[in-house]
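**Q** One structure coming up, written as structure tokens, with questions to follow.
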Amino acid sequence: MLTVIGAGFPRTGTSSMKAALERLGFGPCHHMFDVGSNSDRAKRWAPLASHDTVPDWEYVLEGFRSSVDWPASFFWRELAEAYPEAKVVLTVRDPQSWFASMRTLIDNGPARLQSEKLAPEMAGLVENMMTTRPLLERMIREGLGSDSPFGVVPDEKETIAAFERHIVTVRESLPAERLLVFDVREGWEPLCRFLGVDIPEGEPFPHLNDSKMMEESIERLMKGEKVGLPFHPVE
């Protein structure tokens with residue numbers, strides 16, 4: 001059963017949030033990484049590409065106590081209704097830097113992971129991505145308001161406008177006591193206060209998966225190196 005629901009768009013510090021929530025005892029935390037790395041999880045999400053599908057959230061998110069990033073955050077409203085006791089965290093960042101990060105993600109993610117140069121060891125990752133491609137296209141179309149083909153960077157002005165509308169919509173849809181609007185640069189204090197837990201003493205707030213780290217990880221994937229999630233080398 002979910003206790004924390006992330007409502008923020010991808011590239012708003014969601015991998016840092018995943019690490020932070022798991023450190024605070026709200027894990028496992030569902031992230032797009034869990035879909036890309038697990039064929040069963042990808043198959044659970046795939047039917048939600050259709051508006052006619054009535055989600056069984058207990059099945060889709062089985063084993064998780066919290067969620068961040070797409071695809072879960074795309075369904076933030078439905079999850080908030082399904083889990084009325086759960087708190088919601090809307091991760092935000094500067095719109096311009098967010099779009100630049102999204103551009104990097106698209107340029108170095110879907111397009112390159114479909115390349116014929118990809119190492120054979122990464123076939124499973126590509127297969128999972130293709131399993132959920134119709135859902136990804138739905139999220140891009142409805143979430144970003146874009147009809148750009150999969151793997152193509154959408155229009156900057158329209159996408160930033162969609163990003164800003166999303167923030168307003170979430171703010172206006174939930175009571176203040178249930179919602180935290182959070183920039184991961186704020187660190188532990190506002191998040192821990194909102195969730196009613198102690199700040200981890202002497203531990204810096206996790207900051208993971210910035211654009212440079214992602215680019216380097218994609219390069220390792222292309223070479224067939226083992227890369228953990230979220231995108232860090234496997235020792």
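**Q** Where only protein heavy atoms count, and the probe is 1.4 Å, what is the accessible area per residue for region 149-193 in Å²?
**A** 57
**Q** Determine, from the Cβ-Cβ distance of Glu58 and Val168 and an R0 of 25 Å, the FRET efficiency 1/(1 + (r/R0)^6), rounded to the nearest 0.05.
**A** Once the sixth-power term is evaluated, E becomes 0.25.
**Q** Next question. Counting Lys and Arg as +1 and Asp and Glu as -1, what is the net charge of the other residues whose Cβ lies under 9 Å from the Cβ of Val153?
**A** -2
**Q** Separate question: Taking the Cα centre of region 1-82 as the origin and placing charges on Cβ (Lys, Arg +1; Asp, Glu -1), which of Met32, Thr12, Val60 is farthest toward the positive end of the dipole?
**A** Sorting the options by dipole projection puts first Thr12.
**Q** Something else about it: Given +1 on the Cβ of Lys and Arg, -1 on the Cβ of Asp and Glu, and no further charges, what dipole in debye does region 1-66 carry about its Cα centre, rounded to the nearest 20?
**A** For region 1-66, the charge dipole is close to 300 debye.
**Q** Can I ask one more? For Leu90, list long-range residues whose amide hydrogen, built 1.01 Å from N in the peptide plane, is under 5 Å from its own amide hydrogen.
**A** Ala7, Leu180, Val181, Phe182
**Q** Per residue of region 89-105, what does 6.51 cos²θ - 1.76 cosθ + 1.60 with θ = phi - 60° give for ³J(HN,Hα)? Whole Hz please, x for Gly and Pro, Karplus curve as stated.
**A** Result, ordered by residue: 10, 9, 7, 9, 7, 4, x, 5, 5, 4, 5, 4, 5, 5, 4, 4, 4 Hz.
The values are calculated or read from the model by the stated rules, or taken from the named source; none is laboratory data. Being a predicted model, the structure only gives us computed values, none of them experimental. Neighbour counts are summed over all protein chains in view; Cβ atoms, including those assigned to glycine, are modelled from backbone coordinates with ideal geometry. Quick note on the areas: whole protein, heavy atoms, side chains included, nothing else; ligands and nucleic acids left out. Shrake-Rupley method; radii C 1.70, N 1.55, O 1.52, S 1.80 Å.
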